Each structure stands twice: as C-alpha cells, then as structure tokens.
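Written out below as structure tokens is the structure these notes cover.
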Amino acid sequence: MIILGLDPGLGTTGWGVIGAEGNRLSHIANGQVKTDPKLALPERLYRLDKELTDILAQYAPDTVAVEEVFSNTNPQSTLKLGQARGVVLLGAARYGVPVGEYAARAVKKAVVGVGNADKAQIQAMVQRLLPGVKLTGPDAADALAVAITHAHHAQSAKRLG
C-alpha cells in the first residue's frame with residue numbers, strides 16, 4: 001500500500017510518501033510545498049492545489065493521511081491553516097482515494113510514544129523507522145509521521161477486522 005502523508009500549511013505543506021507491507025515500512029519520497037507570502041491568498045491556494053495534484057499523479061497513493069487542524073492563539077493563522085487543509089482534502093477527494101485524518105497528539109503518540117513530543121523527537125523517530133531517509137525539512141518529517149501513523153492504524157484495523 002502506498003500512503004501519502006500531508007502536514008497542511010499555507011506557507012509550507014509537508015508531504016511524504018511511504019510504502020507499507022504488513023509491518024514493513026519503506027520511504028519513497030518527501031518534500032515541502034512552499035507558497036510565497038507576497039502572493040494573494042487565492043494564488044497561494046491555487047499553487048498548493050497544483051503541486052499537490054502533481055504529487056498525487058506522480059506517486060499514485062492508495063490512501064492519503066492528513067494532520068487535523070489544531071487551535072492556535074491567532075485566529076487568522078488558524079483560518080489560513082484551515083483553508084490550506086481544505087485544499088489538501090479536496091485534492092485527495094478529487095483523486096478518489098480514501099483519507100485518514102489524525103490529530104497532532106495522536107501522530108506524536110503513534111510515532112514517538114508520547115503526545116507532547118517536539119519536532120526534533122519526531123524527526124529522530126521518522127529517521128529510525130525509515131532508515132536512510134533524507135528529510136527535506138521539519139514539515140516533511142511531520143508528513144511522514146502522519147503517513148506512518150496511518151500505516152499503523154490500517155494494520156491494527158486489519159488485525160481486528
């Protein structure tokens with residue numbers, strides 16, 4: 001199974017593609033989609049959608065896993081994050097693959113073992129779980145962590161079902 005993990009953000013959306021065969025995970029690719037803050041919001045969302053469409057076409061995932069929005073102290077930032085997340089969910093739906101959504105704490109718990117892990121801990125565990133991975137940045141590491149979480153949940157559901 002090919003899983004595309006996404007960590008949505010308007011400035012930077014991290015993405016990571018893994019292969020999952022039973023308990024075995026393998027790294028396929030990872031990256032970051034960056035948008036220029038000088039551009040108007042519609043143009044930034046369009047560019048995010050276009051790059052995500054290219055990623056979906058290139059890697060042909062069987063499923064997509066997306067990190068859920070968390071509340072932020074700045075309502076404007078939360079709204080922009082929600083808009084980027086909407087573009088990501090729309091792209092996955094347009095591609096016709098099932099989408100799993102995971103809270104940030106659930107991702108941290110699944111990958112690191114604690115729900116309050118920091119970015120350095122997530123990166124270290126992603127590198128341990130996917131030997132040889134070259135991370136393009138912290139958002140890509142977070143996206144790979146979301147994909148790993150989805151793989152673990154899918155494997156657990158398979159055992160229970």
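The values are calculated or read from the model by the stated rules, or taken from the named source; none is laboratory data. Predicted, not measured: the structure shown is a model, and the values here were computed from it. Cβ atoms come from the backbone with ideal geometry, glycine included; neighbour counts cover every protein chain shown.
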The condition from (1) at pLDDT below 95; (2) surrounded by 14 or more Cβ atoms within 10 Å (Cβ to Cβ); (3) charged (D, E, K, R) that Arg24 misses is numbered (2)
Only one of Lys50, Lys38, Lys34 is closer than 15 Å to Ala92 by Cβ and of a type in the set (Lys, Arg), namely Lys50
Within the range 85-136, the residues that are farther than 27 Å from Gln58 by Cβ and in contact with a helix residue (DSSP H, G or I) (Cβ under 6 Å, 6 or more places away or on another chain) are Val112, Gly115, Ala117
Of (1) over 19 Å from Pro8 (Cα atoms); (2) loosely packed, with under 14 Cβ neighbours inside 10 Å, Thr73 fails just (1)
Exactly one of Ala141, Ala145 is out of contact with any Phe, Trp or Tyr (no Cβ under 8 Å at 6 or more places or on another chain), at pLDDT 95 or above, assigned to a helix (DSSP H, G or I) and farther than 15 Å from Gly9 by Cα, and that residue is Ala145
When the range 59-86 is checked residue by residue, the ones that are outside any helix (DSSP H, G or I), in contact (Cβ under 8 Å) with a residue 60 or more places away in the chain and not hydrophobic (A, V, I, L, M, F, W, C) are Asp62, Thr63, Glu67
Exercise for review: State whether the residues of the range 40-49 include one that is under 13 Å from the mean Cα position of the chain (by Cα) and assigned to a loop (DSSP other than H, G, I, E, B).
Suggested key: no
query: Going by the structure shown, is Leu81 surrounded by 15 or more Cβ atoms within 10 Å (Cβ to Cβ), over 18 Å from Val17 (Cβ atoms), over 13 Å from the mean Cα position of the chain (by Cα) and of a type outside the set (D, E, K, R)?
result: yes
Only one of Leu52, Leu56, Leu89 is touching an Asp or Glu at 6+ places or on another chain (Cβ under 9 Å), hydrophobic (A, V, I, L, M, F, W, C), in a helix (DSSP H, G or I) and within 23 Å of Gly19 (Cα to Cα), namely Leu89
Counting only residues in the range 1-31 that are outside any strand (DSSP E or B) and not hydrophobic (A, V, I, L, M, F, W, C), the one nearest to Arg94 (Cα to Cα) is identified as Pro8
(message) Tell me yes or no: at least one residue of the range 117-129 is out of contact with any strand residue (DSSP E or B) (no Cβ under 7 Å at 6 or more places or on another chain), assigned to a helix (DSSP H, G or I), closer than 17 Å to Gln32 by Cα and of a type in the set (Lys, Arg).
(response) yes
Condition set surrounded by fewer than 17 Cβ atoms within 10 Å (Cβ to Cβ) and at pLDDT 95 or above, scope the range 60-70, selection farthest from Ala103 (Cα to Cα): answer is Ala60
message: Regarding the range 108-122, can at least one residue be identified that is at pLDDT below 95, under 19 Å from Phe70 (Cβ atoms) and among the acidic types (Asp, Glu)?
response: yes
How many residues of the range 92-109 are over 20 Å from Ile28 (Cα atoms) and surrounded by 14 or more Cβ atoms within 10 Å (Cβ to Cβ)? The answer is 8
